[in-house]
Amino acid sequence: MLPGLLLLSAQPVVLSVPLIRSLLWGLFFLLAAILLARALYEPTQLDVTRRSLSSVKLEEDSKEDPGADVAQNPASSTIEGPTHPGLRIALLSDLHAEWLRLKPERIAQALEAEAFDLLLFAGDLTGRHHRPDRAQPWLDALAPIPQKLGHACYAVPGNHDSEASLDLLRQAGFEILKNESRVVRDRSGQDWLLIGLDILKKGQPDFAQALACAPVGEPVIPPERRIVLAHNPDTFFLVPAGRAGFFLAGHFHGGQIYLPFHLEFFLLRREKLGRMGYHKGSFAMNGITGYISRGLGSVLFPLRLGSIPELAILQLRPTAQTGPVKKQGK
């Protein structure tokens, strides 16, 4: 009797084709459920990213893999403490109030916990439905920030922003820059030039016009202390090489929904910079150090995967720019 049982137990288990198919479908739906749960969870989180960025010399543009983590970029490092020299910026972008799943108090508390000289918003207060009223609680929570800083915060228009949404930003203490520049000052008393550009494609971004708005009669602020703020990262290609030290933008949402090999930038977007691999975090090109925010909200649906909403705290440090001018990337 026992040898017979052993013989039976030693026989291999043969799975039928329908059973294999059922197991595969079960694994597929389990994976889909896990990814969906993650995509619903990420929009409710806030990642405070702290980076120290240095302006780069024209011959020192990043040679790193553009898809690599920003900490590997030679122009970027993690902020180690509040004693770093330079201008400290809090960068927000892409609120998209209709699909925002972050509570206003969450963003305000995160800002209150940070020390910074300047608050910048890189556009898109609203989404495709243009419901600026949905952004009012967020703006109310941020209203004390301009008074705390002692001067206006600054914003540029996004591709979804209407005049009504820009008016709400103004009422909350933000000054809207459309091809305009303003002199701002860091804690050491050093002057910087903030250059805000109009929205790409829907507007007429003009770097030369913005630069011409700089105050007359004051000492010329060198390129390494010039900051360009725009919504669409492709506006970068309208900034002449070596004419600014830093470029800040949003718009890409870090991809919003991650696809293997960053296919979202080839299938769903046409922007040149994203297809080159620069779609979030820092990069260096043409003598300019750039940073692309992942933004706060979502478009089309309230889902994010592989792109947690971001508040970027950036310490900008000037470095003299010298050397031959490199051509713009193709």
For the stretch 130-202: rounded, prolate or oblate by the Cα gyration tensor [a/c cutoff 1.5]: oblate
Under 5 Å, built H, 5+ apart or other chain: amide partners of THR49: LEU311, ALA312, ILE313
Heavy-atom accessible area ranking, 1.4 Å probe, most first, across ASP117, ASP133: ASP133, ASP117
Rounded accessible area per residue of the stretch 104-182, 1.4 Å, Å²: 41
Probe 1.4 Å, protein heavy atoms only - accessible area per residue of the stretch 201-273 in square angstrom: 48
Average Cα contact separation per residue, the stretch 105-201, under 8 Å, 6 or more apart, as relative contact order %: 27
Relative contact order [Cα under 8 Å, 6+ residues apart], the stretch 131-182, whole percent: 42
By accessible area with a 1.4 Å probe, ligands and nucleic acids excluded, highest first: order of TRP25, TRP99: TRP25, TRP99
Rounded percent of accessible protein surface that carbon and sulfur make up, the stretch 139-222, 1.4 Å probe: 52
The stretch 219-311 - percent relative contact order, Cα under 8 Å, separation 6 or more: 30
Environment charge of GLY306, counting only residues whose C-beta is closer than 11 Å and scoring Lys/Arg +1, Asp/Glu -1: +2
Too-long pairs where the Cα-Cα distance tops 22 Å, listed order kept, from LYS178/LYS201; LYS148/LYS178; LYS103/LYS178: LYS148/LYS178; LYS103/LYS178
Amide H within-cut-off set for ILE199, under 5 Å, with H built and near neighbours excluded: GLN204
Under-5 Å amide H pairs with ILE257, H placed in peptide plane, nonlocal only: LEU305
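The values are calculated or read from the model by the stated rules, or taken from the named source; none is laboratory data. As the structure is a computational prediction, the values presented were derived from the model and not from experiment. Every residue, glycine as well, gets a Cβ built from its backbone with ideal geometry; the counts of neighbours run over all protein chains shown. All accessible areas refer to the heavy atoms of the entire protein, side chains included, with ligands and DNA or RNA removed. Shrake-Rupley method; radii C 1.70, N 1.55, O 1.52, S 1.80 Å.
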